[in-house]
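Quick notes on the structure that follows.
What follows draws every value from the coordinates through simple rules; no lab data is involved. Worth saying up front: this structure is predicted, and the values here are computed from it rather than measured. Cβ: placed from backbone, ideal geometry, glycine included. Neighbour counts: every protein chain shown.
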Amino acid sequence: MVVTLALAVSAALPGFAVCAMPIQTASADEAVYLFDVSTGEAVLDQNADQQRSIASLTKMMTALLFLESGKDMNEKVTVPASLKSELDTIRSKGGSSISLSVGESIRRIDLLYALLVCSANDAASVIACDVAGSMSAFVARMNARAAELGCTGTQFSCPHGLYDEGNYSTAHDLARIAAACAGHLTYLKVADTVEYVIPATNLHAKRTIRTTNKMLVPTYSYYRTDIHGMKTGFTSKARRCYVTFSQREGAAYGLVILGSDLENIYKEANEIFDWAYTEYPAQAKAG
């Protein structure tokens, strides 16, 4: 799957006819982008180039830079004193966290699990400082990497997406970033994890974290065995956001949904994938 997903980093091939939306989304202003992983071709496009807040989908880029840094994921890092104000702000805003504290030493791989499984904002901030020395330097790298991937509607202002101001992207750009992430086996393994135990640290007992991606959970009504978790996101401004991949029967699709709600976002993803596996291959062959 890693090899085929990496092919989708490029834009949709020119001249390909995008299909009409097969479902009615909860609101007409939702952004939806579905693409064929093996070709990079767009299959569905609804408002996919509109800039909007993306909440924790921001963490895909944070994870990508973390993995591309070449740092030893099994080594420990210590939460720096420079992050005290940032950690306090995350808590005051009620953002998802694993309650990291200044002076706490934790393995990088555990930070990655916290970032992608339970969407911990404090883990993102620690990763940023570990990779680039400061939050601002890391954000500069995020924007540079987005430009390298061909993203034209994206700007990052933080490593986690908890702050909406100046932090935005498009469904099309997020597909590019997600495909780059999918080129890393570690990303796919971590993002597919339903439950993970972070070992005890010098300042904290062991933590059990659980996925925010409900379609990975066997007891959930829209659980699918073909889903590969990439990232979920939510703020009141961004609303519910979701990026995921699906692979079965020799086909693979990537999907981005922005601006939905909790009642509908997984239902929409489920219906779009069902349609893609039944209708789109037949249309593609007929064309």
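Key figures for this structure:
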read-out	value
Estimated 222 nm signal from helices in the chain, with DSSP H stretches of n ≥ 4 weighted -39500 (n - 2.57), rounded to 500	-10000 deg cm²/dmol
Nearest 10 degrees, 0 to 90: helix 59-68 Cα axis against the chain principal axis	70
Compactness of segment 121-161, expressed as Rg and Dmax over alpha-carbon positions, Å	10.1, 28
Radius of gyration and Dmax over the Cα atoms of segment 2-286, both given in Å	18.1, 61
Debye log10 I(q)/I(0) at q = 0.29 Å⁻¹ for segment 67-124, Cα point scatterers	-1.25
Electrostatic dipole magnitude of the chain [Cβ: Lys, Arg +1; Asp, Glu -1; Cα centre; debye, to 20]	740
Count of Lys pairs (Cα-Cα under 16 Å; at least 8 positions apart or interchain) in the chain	8
Diffusion constant of segment 15-151 at 20 °C, which comes from Stokes-Einstein with the Kirkwood Cα-pair radius and 1.002 mPa s, µm²/s	126
Cβ crowding within 10 Å averaged over residues, with 259-268, 49-58 ranked highest first	49-58, 259-268
Span per principal axis, largest first, for the Cα atoms of segment 128-226 (Å)	39, 38, 27
Helix 265-278 axis, angle to the chain major axis (alpha carbon atoms, nearest 10°)	40
